[in-house]
Amino acid sequence: MTKGRKNHYYLAMLVTSLISVAADVIAVQLDKFGPGNVVAKYIFHTAFLLSHNLISPLYMVYLIARTDTWHKLKWSKLLKGALYIPIFTVMLALLTNPLTKIMFYFDGNDTYTRGSCFLLLHIVAIFYVFFGTIYLWHYRKLFNKVSFISLMSVIPFIMIASIIQLFFPWCIVELFATSCGLLFISMMVQRPEDTIDITTGLGRDSAYIDDLQRAFANEKPMQIIMINIANYGAIFDMLGLSGLNKLFKIVADRLVELDKTEHIQSSIYNLGNGKFSMVVDFRNFDKVEKAANKLNDIMKKDFIVNQMELNLISYICLVKCPQDITDLNLLLAFENDLSKKTYTGDIMYASDVYKKEYYDIMTEIDTIIDHALANHKFNVYYQPIYSVTEQRFNSAEALLRLNDDKYGFISPELFIPAAEKSGAIHKIGAYVLEEVCSFIASDEYKSLGLDYIEINLSVSQCMQNNLANEVLDTLNKYHVSTDQINLEITETAASDSQKIMNENLDILNKAGVHFSLDDFGTGYSNIKRIASLPLDIIKLDKSFTKLEENPKLQIILQNTINMIKDMDMKIVVEGVETEELVKYFSHLECEYIQGYYYSKPIPKNDFVTFIRASIQ
Ligand code: C2E
Ligand code: MG
Ligand code: MG
């Protein structure tokens, strides 16, 4: 519970209350002994009153920390003065009281007696409580309902107790009420189990989101060191959950250690999946960059878990808010993608690597897609595929293009995954199929002499329960026969054997539709599964064109090609950009070649012209 500012103040309230209870018990006992012990009586009564009166300003400061609004007070000297002056006055009055006797004194019988200014203590306490209530009310939106009501109800509870004690000094309920109040806050507001990750002792992801949300709402400047361990999945496979937890504990300890040695007073969070964050506030901005660089070195050192020496690939990025990123969702999305960047070994700066437009598009992608569907912003382009054996363009791949009014051209690599998540892919898929079928049905297509058009199917389309029938209905509608299209499924789809997908492929296959396997070689191919699918064509991913001079990889390629041929399937090589590669793959007897060497994907009319020109 001692991590983070608000917990520090909460702890301070607890300790102060404890001291005041202890001092009070001793003071009252001393009083009961009767005359004498005046020095001790002064000490313990003063200790009690000092500690007791510190609780209400601490509560006020606790509220400020809870709302995370320190940076706002920083600028207002008046507020700061208003905050400190009353408590300093009280402390001064209490410390000098043995001389002035204005707060309390001991009469002729050495009996404790309230002094002329005793009421000051109550006035100051009421001042803080009043100030605190207004503050709480002002920032009520930053609390959830339970926290707000709990914090609000503690105040009148303690007030009533202290009024009772003021008028009936023998009825000592005030400290009891304070303790109850603190216990109540602990149970309803602090709730360490909600905010602390048990394995590492750091803040949890939910606390991170909560704290950042508040910080963004308050326009609080902060700098965040993001740590993203890219190879955590492989380590999980190797060590299992308990080993991974041990590793994360060591990482957490190193972060805490760094925080101490670099004096950055950060809030540290374990966000799960190998992601950690250290949030630093304005007081320590000057030290953050050095700390991040040091952290980068620390993370490169070996981590020893279960007698294994582990090397972590940690991406470390420094983000300045609000300069770099102004929105929580964008920040989280960016943090998630961190490990997709190329690893350089140095720390990254969000000001360099954060592509605002990309994340803007991602947050708006659903609207963009809906808009594009309603306003015909989608276009189907065609990329010719060359048949080496027939020495002509015998087919083409239909590739979707999106041209947004605001963002211009958006790559399918961006919008297709987004559309899969939102479900828009079904409408998009239907659109592409209609476009392609109407093209195939047209007279100009017939004059091109093409055998079929390849259409991409994404995984989530394959999982749609009436996909097969919808495809067949569309083909029927345009009087297109099943062998005039070829559906491309990806390797991920192929390696995941889902019942509904199998049914879809089965129905389509029985109706005479042919399938190609797209992007072969990018995932972990499940050869057994591939062999059981109704595939006619395997499309070698464009990464195969970058084997360069590595002779071993070329042997793999040759054997892969032989294996595919032995299974009676044809091969399309994707991403062929040069003449050498055309020769190389023709020599390996790959049947088809697709790539920029022949043509980029082009609009339908250009495509028609292109093919016509190639025939002549
Ligand atoms: P894909 O199906 O593997 O498509 C091939 C991609 O490689 C296309 O990217 C194409 O423009 C690109 N390409 C072709 N030749 C070359 C070359 O020589 N060099 C290089 N560097 N690239 C080349 P594109 O059009 O950006 O499409 C990306 C991916 O988006 C596609 O990969 C496909 O998975 C998906 N996609 C595109 N259209 C559709 C669609 O209508 N439906 C579905 N479900 N997915 C689609
Ligand atoms: Mg494809
Ligand atoms: Mg491909």
Exercise. With helices defined as uninterrupted DSSP H runs, which ones in the chain have an alpha carbon span along their own long axis of at least 30 Å and mean Kyte-Doolittle hydropathy of at least 1.6?
Worked result: 145-167
Exercise. Is the range 179-237 rounded, prolate or oblate when judged by the Cα gyration tensor, a ≥ b ≥ c being the square roots of its eigenvalues, rounded requiring a/c under 1.5 and prolate requiring a/b larger than b/c?
Worked result: oblate
Exercise. So, how do all the Cα-to-Cα distances of the range 131-224 break down into 5 Å bins, in percent, from 0 on up?
Worked result: 3, 12, 16, 17, 17, 14, 9, 6, 4, 2, 0
Problem set entry | Where trypsin sites (Lys or Arg not before Pro) fall in DSSP loop in the range 345-438, at most 15 other Cβ within 10 Å | K355, K406
Seminar exercise, completed: Quick calc, the chain, dipole around Cα centre from Cβ unit charges on Lys, Arg (+) and Asp, Glu (-), nearest 20 debye, gives 3280
Problem set entry | Gained length - S76 relative to D405, 0.36 nm times residue gap less alpha-carbon distance | 113.9 nm
Seminar exercise, completed: In order over the range 267-281: 3J(HN,Hα) from phi, Karplus 6.51/-1.76/1.60, θ = phi - 60°, whole Hz, x for each Gly or Pro, gives 8, 10, 10, 9, 8, x, 6, x, 10, 10, 9, 10, 9, 10, 9
Seminar exercise, completed: Taking alpha-carbon centroids only, the range 145-194 lies from the range 534-580 a number of Å equal to 73
Exercise. Using modelled amide H (1.01 Å from N, peptide plane; none on Pro or chain starts), what sits under 5 Å from the amide H of K570, excluding residues fewer than 5 places away?
Worked result: I537, I538
Exercise. Can you list the lysines whose alpha carbon sits under 26 Å from that of K145, skipping same-chain ones fewer than 8 residues off?
Worked result: K3, K6, K72, K220
Exercise. Scanning the chain for chymotrypsin sites (Phe, Trp or Tyr not before Pro) in DSSP loops with at most 10 other Cβ atoms within 10 Å, what's the longest stretch left with none?
Worked result: 171-523
For this session: For the range 449-459, take each phi angle, set θ = phi - 60°, evaluate the Karplus expression 6.51 cos²θ - 1.76 cosθ + 1.60, and give the result in whole Hz per residue in order, putting x for glycine and proline.
Result: x, 7, 7, 6, 10, 8, 10, 6, 10, 8, 3
Exercise. Which residues make up the longest stretch of the chain clear of GluC sites (Glu not before Pro) that lie in a DSSP loop with no more than 15 other Cβ atoms within 10 Å, not counting the sites?
Worked result: 1-218
Exercise. Among M226, M463, which comes first, then next, by fewest other beta-carbon atoms within 10 Å?
Worked result: M463, M226
Exercise. Where the centre of each part is set by its Cα atoms, how far does the range 412-466 sit from the range 55-102, in angstrom?
Worked result: 68
For this session: State the answer as a single residue: which of I164, S339, T522 lies farthest towards the positive end of the charge dipole of the chain, with beta carbon charges of +1 for Lys and Arg and -1 for Asp and Glu, about the Cα centre.
Result: I164
Problem set entry | the chain: antiparallel DSSP beta bridges as a percent of all, rounded to 5 | 60
Seminar exercise, completed: Residues whose built amide H sits under 5 Å from the amide H of D404, excluding neighbours closer than 5 in sequence, are F409, I410
Problem set entry | Given K294/K340; K356/K499; K301/K546; K77/K287, the pairs whose alpha carbons are separated by over 29 Å | K356/K499; K301/K546
For this session: Give me the lysines in straight-line cross-link reach of K604: C-alpha distance below 22 Å, same-chain residues under 8 apart excluded.
Result: K377, K427, K446, K477
Exercise. Near the amide H of V388, under 5 Å away, which other amide H atoms are found, from residues 5 or more places off or on another chain, if H is placed in the peptide plane?
Worked result: Y592, I593
Seminar exercise, completed: Computed on Cα atoms, the radius of gyration and Dmax of the chain in angstrom are 35.6, 124
Exercise. Could you give the dipole magnitude of the range 271-381 about its Cα centre, charging the beta-carbon of Lys and Arg +1 and that of Asp and Glu -1, in debye to the nearest 20?
Worked result: 320
Problem set entry | About the Cα centre, charge dipole magnitude for the range 202-294 (Lys/Arg +1, Asp/Glu -1 at Cβ), debye | 160
Problem set entry | Proximal aspartates and glutamates to K406, defined as alpha-carbon separation beneath 19 angstrom and excluding residues fewer than eight positions away on the same chain | E357, D360, E364, D366, D370
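None of the figures in this text is laboratory data; all of them are computed from the coordinates on show. Everything numeric in this text was worked out from a predicted model, so none of it was measured. Note: ideal-geometry Cβ built from the backbone for every residue, glycine included; neighbour counts use all protein chains shown.
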